[in-house]
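Readers should treat all values here as calculations from the given coordinates under stated rules, not as data from a laboratory. All figures in this text were calculated on a predicted structure; none of them were measured in a lab. Positions of Cβ are generated from backbone atoms using ideal geometry, with glycine treated the same way; all protein chains shown enter the neighbour counts.
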Amino acid sequence: MIVVNRSNPINELSFDELRRIFLGTRSHWPNGRRITLVMREPGEPERRTVLRDLCGMNEDQFKNHFVHGLYTGEILVSPKILASPVGVRKFVFNVPGAIGYLRVGDVDDSVKVVRIDELLPDDKGYKLRMQVQLAN
Amino acid sequence: MNYFRTIRATSSACRFNWRIDVKKQTKFEIKRRSRYPMPRVDRWLSAASRHNAVLLLFVVCCGVTVIGALVIRDMQQANTEAQKMYKSSVNGLQEIGELQYDAQETRRTTLYALTTTDSNLQVEYADQTRDADRRVRNGIGEYGRQAKGPEELALAERLNRDWTAYLGVRDEVLASILEGSTSEAVNLDLKGGVPAFERVRQDLNEVKRLYGEDASREQASLAESSRRSSSRMVGILSFTFLLSTAAVWAIQRSQMLGRMQLANLQMEFVASVSHELRTPLAVIRSAADNIADGLVKNMDALLRYGAILQHQSRSMGELVDQILLFASTEDRKKRVPLQPLPVEQIIETVLSDTEVLVRDSGFTLDIEVEPGLPHALGDLAGITQCLRNLVGNALKYGGADRRILLKAGAFVPRDKFPGEVHISITDRGIGIDSSEIVHIFDPFYRSPRVHASQIHGTGLGLALAKRIAESMGGSLTVFSQLSAGSTFTLHLQIAQGDDLQMPASEGRQSRMSLT
């Protein structure tokens with residue numbers, strides 16, 4: 001599920017907005033804070049899910065996208081890479097403009113869960129299902 | 001017997017009247033005894049003076065023990081106080097030190113995050129700084145709770161406020177670092193973080209200063225109390241020393257006085273005895289010389305000389321007997337076998353024993369005996385000796401009135417009082433001064449007035465009488481007024497049922513059935 005800092009006034013994002021955020025093309029929140037993208041290391045299930053379902057890219061395409069974007073100035077910062085779900089959660093907790101993806105079991109109330117297209121992960125039709133579990 | 005005016009019951013009517021009279025007398029006696037409790041106090045005093053060394057030592061020991069306990073308690077108190085202060089000061093300093101360290105740690109770990117671009121490490125540093133700031137918050141809270149006085153309370157509030165302000169900046173700096181905007185983070189820290197942290201640092205220094213003042217105040221009070229306790233201890237020790245010195249001095253002095261007194265008394269005794277012995281000896285010697293030299297020519301003169309010799313040798317014998325008897329009663333633990341004796345028998349024995357003496361002295365002996373008296377418990381020979389001494393004294397010091405009253409009565413047993421038979425000898429002679437009454441039962445004691453009046457004696461009679469009375473489980477008391485006369489009373493135990501079963505002579509059997 002998508003989580004943001006508790007001080008972030010955003011409660012809901014459209015799938016499209018989310019996609020732009022994760023591709024780095026949207027760099028600021030409506031309140032003016034810079035968006036910081038937090039991701040797991042390449043190969044981790046959460047990252048794979050985001051790349052596949054949200055960005056529609058594989059690892060290389062995603063890398064190229066960011067290298068290109070940074071080069072052209074279209075993208076301001078590359079995503080922060082963290083080694084564990086706890087690290088992701090703590091990062092989001094510490095940085096007001098951070099956004100990340102976590103499994104349901106890794107979320108606690110130090111961070112805020114954002115609805116996607118008015119849906120929560122438990123709701124039917126939530127688009128960011130962890131398909132890894134199926135793959136496994 | 002015509003020398004004695006015996007008031008013996010002759011008819012029932014007379015006995016009745018006389019009994020009333022005796023009751024009155026008894027009451028009077030009781031009153032007098034209660035109005036004059038000196039004998040008991042005197043006995044106690046003399047016992048105290050006999051054991052004064054032991055008593056003094058006991059008092060000193062008690063004093064030293066109490067003082068020692070006080071000193072130990074004082075020292076323990078001071079020690080506890082010092083320990084408490086040391087502990088609290090160490091604790092307080094440690095807490096303040098930890099607070100300062102944790103505040104620094106909060107800032108330091110925040111800035112450590114600048115040294116790396118690895119988000120994982122940065123998150124770890126973020127964790128560390130948050131842990132440290134939690135500890136600081138707890139420390140500030142604790143300080144606020146323990147704050148004494150408005151100054152510390154205000155400081156605690158200010159510290160809390162400044163710390164919160166710094167944490168606001170810290171969070172921003174941390175966020176910037178994690179976002180990767182290092183220069184922004186440094187700018188933020190320089191602009192907001194440094195001054196905010198400086199305020200916190202000043203607050204913490206203030207905390208330390210206040211604590212130092214508090215501790216030095218406490219230290220001063222502790223020093224004051226320790227000074228007080230040490231001066232108290234010095235005082236107490238000097239008091240103990242003085243007390244001990246005084247006690248040792250008193251003991252030595254009393255022993256010395258006692259020895260001197262005894263030596264004096266013995267000197268007087270020796271002088272008196274040698275005088276008492278020399279007079280009859282001189283008479284005997286000259287009488288014997290006269291007879292031996294053939295100066296005694298006729299029978300009448302010889303008989304006269306014989307009477308002189310008899311009288312003088314008898315008086316010498318009596319003196320020697322007294323001295324020997326006194327020596328034999330020196331051992332106070334020795335008890336004579338006691339038996340129940342009818343009071344009449346005692347009176348009769350005493351009368352026959354002292355008849356000649358009284359007659360020769362030209363005295364009249366009045367006798368009052370309460371009828372139906374219980375048997376007294378005692379030794380007849382002892383009682384007789386005791387009463388003979390008392391009668392002898394009454395004759396010696398009886399004065400011009402030449403009347404002696406011998407009275408016998410009893411107190412019935414009541415409640416806890418076991419009852420007693422008492423026999424008293426009253427004279428109307430020179431009496432005894434109240435200052436001397438303490439000493440009259442001391443062996444060898446003789447009143448200076450008696451010395452002055454050249455009345456002969458050894459100073460053993462009353463001591464002997466008292467010892468005999470005590471050896472029979474009884475006592476001897478005195479009531480006397482100067483120039484009005486003296487009453488010596490021999491108190492004897494009443495014979496109980498068990499004692500009465502002992503066989504007695506015929507004369508007493510009928511008496512026993514009467515009682």
For peptide B:173-181, compute the average count of partner chain beta-carbon atoms within 10 Å of each residue's beta-carbon.
6
Say R0 is 56 Å: what FRET efficiency, to the nearest 0.05, do B:Thr279 and B:Phe239 get from their beta-carbon distance?
0.45
In which sequence would B:Asp401, B:Asp427 go, from the one with the fewest C-beta neighbours within 10 Å to the one with the most?
B:Asp401, B:Asp427
Non-local residues with an amide H under 5 Å from the amide H of B:Asp379, with H modelled 1.01 Å from N and Pro and chain starts lacking one, are B:Gln339
Among trypsin sites (Lys or Arg not before Pro) in the stretch A:22-125, those in a DSSP loop whose Cβ has at most 10 other Cβ atoms within 10 Å are A:Lys124
Within the stretch A:3-39: backbone nitrogen closer than 12 Å to the A:Thr72 label point (7 Å, Cα to C-beta)
A:25
Explain nothing, just compute: Karplus ³J(HN,Hα) = 6.51 cos²θ - 1.76 cosθ + 1.60, θ = phi - 60°, for every residue of the stretch B:481-494 in order, whole Hz, x for Gly and Pro.
10, 4, 6, 10, x, 10, 10, 9, 10, 9, 9, 10, 6, 7
With r as the distance between the Cβ atoms of A:Ser84 and B:Arg209 and R0 = 41 Å, compute the FRET efficiency 1/(1 + (r/R0)^6) and round to 0.05.
0.35
Can you list which of the trypsin sites (Lys or Arg not before Pro) found in the stretch B:281-380 are DSSP loop residues with at most 14 other C-beta atoms within 10 Å?
B:Lys297, B:Arg332, B:Lys333, B:Lys334, B:Arg335
Which listed pairs, of A:Lys63/A:Lys124; B:Lys87/B:Lys208; B:Lys396/B:Lys466; B:Lys87/B:Lys148; A:Lys90/A:Lys112, have C-alpha distances above 20 Å, in listed order
A:Lys63/A:Lys124
In whole Hz, the Karplus estimates of ³J(HN,Hα) for the stretch B:438-444 (6.51, -1.76, 1.60; θ = phi - 60°; x where Gly or Pro) are 5, 9, 4, 8, 6, x, 6
Within a 10 angstrom radius of each residue's Cβ in A:87-98, how many Cβ atoms of other chains show up on average? Whole number is fine.
6
Mind jotting down the distance between the C-alpha centroids of the stretch B:334-369 and the stretch B:285-318, whole Å?
31 Å
Per-residue ellipticity at 222 nm for the protein assembly as shown, helices alone: DSSP H runs ≥ 4 residues times -39500 (n - 2.57), over residue total, nearest 500 deg cm²/dmol?
-21500 deg cm²/dmol
Is the shape of the stretch A:2-135 rounded, prolate or oblate, going by the alpha carbon gyration tensor and its root eigenvalues a ≥ b ≥ c, with a/c under 1.5 for rounded and a/b larger than b/c for prolate?
rounded
How many Cβ atoms of partner chains, on average, are near each residue of B:121-134 if near means within 10 Å of its Cβ?
3
Rel. contact order, % - alpha carbon contacts under 8 angstrom, at least six apart, the stretch A:2-135
41 percent
Test of understanding: ordering B:Val358, A:Val92, B:Val296, A:Val104 by Cβ neighbours within 10 Å, fewest first, what list do you get?
A:Val104, B:Val296, B:Val358, A:Val92
Take B:Trp163, A:Trp29 and order them by how many other Cβ atoms sit within 10 Å, fewest up front.
A:Trp29, B:Trp163
Under the Karplus relation 6.51 cos²θ - 1.76 cosθ + 1.60, θ = phi - 60°, what is the ordered set of whole-Hz ³J(HN,Hα) values for the stretch B:272-280, x standing for Gly and Pro?
5, 5, 5, 5, 4, 7, 5, 4, x
